[in-house]
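*Asks:* One structure, pasted below without further comment.
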Amino acid sequence: MKNNTQFSGIDIQSLKRPLGYFIGFVILILLFGGFSSIVFSVEPEGRAVIRRFGKVVGIQEPGLHFKLPFGIDTATFVPTERVLKEEFGFRTLGSKAPQHSSYAKTPQLEEESLMLSGDLNVIDVEWVVQYKINDPVKYLFSVRDPTDTLRDVSESVLRRIVGNKLGADVLTVGRVAIADETLQDMRTILNSYDMGVTVERVELQDVTPPDKVKPAFNEVNEARQMRERLVNEAEKKRNQIIPRARGEADEIIAQAEAYRLERTNAARGEAARFTSLLSAYRESPEVTGRRLYLEMIDLVLPQLGRVVVMEAGGTAPLPLLNLGETNLKGVKQ
């Protein structure tokens, strides 16, 4: 009788070995598929975009979810609830304590931050762009690299704005206006790209002249500050002297005007008096002449002092009139 391990010339033992390998391989595939991507979780700070054979089939909210195994479904996490940032001209180095964070500056980063102002001054501008992802599908598939696109847009916009400003304005009072203008222009451009990103804020971190020209720049600033101080002092003196001079001029003019009016009125009064006397003299020459004579005597005699009348050949003066103490009517004062 032939061995049971053979049947019709076929070795059964030789068939069992490959079959076992195949079954083990199938079991491994099933286990891999079961543990790979059947259940996945989405963190609270974002959303997951589900693609089936490369096509977007849905967006999953935070929590536990299921998807088809064996790579049929793929989940891509997008941090839609976080405020992301891009740094230009410097990089923040990681640290466990945020208050002890350090910053890195390399020659490559200096090329990123060096800009030319409108008056041909070189300025080192470091800035930060903060943004959020409002549409994860557009963020993943509207543009090839959304992060590089955002950086390129920010750099081109800021370089254009700085190139239209004076270097002194960029370094001093114009920083806030430049940041606001950059923010508005970036929003306009990114909205036209429809890439699912909203720029929240643009902040100029540090705006300084290059290190090689800082001493010369400081000297120029000191000279400008001295010029401004001298101009302010001169303006202060001007504001003090000119109003006082104007007040004195107005006072002199007012006094002259009052004197003019006084002399004019007095001359007119004398002319009217003379006219009235002339009319009276023409009507009564003797009476008017006598009255004018007495009035003149009344004015002249008090100025003569004591009058003494001497008799001819007399030895002692006889006081006759004391015009300083007697009026024209002969009444003793």
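*Asks:* Do the alpha carbons of any pairs in Lys132/Lys212; Lys165/Lys212; Lys212/Lys237; Lys212/Lys236; Lys55/Lys85 sit beyond 31 Å of each other, and which pairs?
*Replies:* Values: Lys132/Lys212 37 Å; Lys165/Lys212 22 Å; Lys212/Lys237 40 Å; Lys212/Lys236 38 Å; Lys55/Lys85 29 Å.
Checking Cα-Cα distances, Lys132/Lys212; Lys212/Lys237; Lys212/Lys236 exceed 31 Å.
*Asks:* Thr147 to Ile59: extension gain in nm, 0.36 nm per residue of separation minus the Cα-Cα distance? Working shown, then result.
*Replies:* Numbers: separation 88, 0.36 × 88 = 31.68 nm, distance 2.10 nm.
Contour length minus the Cα-Cα distance gives 29.6 nm.
*Asks:* Run the accessible area of segment 138-196 with a 1.4 Å probe and give the carbon-and-sulfur part as a rounded percent.
*Replies:* Details: 1540 of 3110 Å².
Summing carbon and sulfur atoms, their accessible area is 49 percent of the total for segment 138-196.
*Asks:* Post the alpha-carbon centroid distance, segment 157-203 to segment 221-297, in whole angstrom.
*Replies:* Each part's Cα centre sits 66 Å from the other's.
*Asks:* Averaging sequence separations of C-alpha pairs under 8 Å and six or more residues apart, then dividing by the length of segment 131-192, give the relative contact order as a whole percent. Walk me through the numbers on the way to the answer.
*Replies:* Working: 21 pairs, mean separation 19.8, N = 62.
Averaging sequence separation for qualifying contacts and normalising by length gives 32 percent for segment 131-192.
*Asks:* Cβ under 12 Å from Glu43's Cβ, Glu43 left aside: what net charge do those residues give with Lys, Arg +1 and Asp, Glu -1? Walk me through the numbers on the way to the answer.
*Replies:* Values: positive: Arg47, Arg82; negative: Glu45, Glu61, Glu81.
Local charge sum for Glu43: -1.
The values are calculated or read from the model by the stated rules, or taken from the named source; none is laboratory data. None of these values were measured; they are calculated from a predicted model. Positions of Cβ are backbone-derived with ideal geometry, glycine not excepted, and every protein chain shown enters the neighbour counts. Remember, those area values only see protein heavy atoms, side chains included, never the ligands or the DNA or RNA. Shrake-Rupley method; radii C 1.70, N 1.55, O 1.52, S 1.80 Å.
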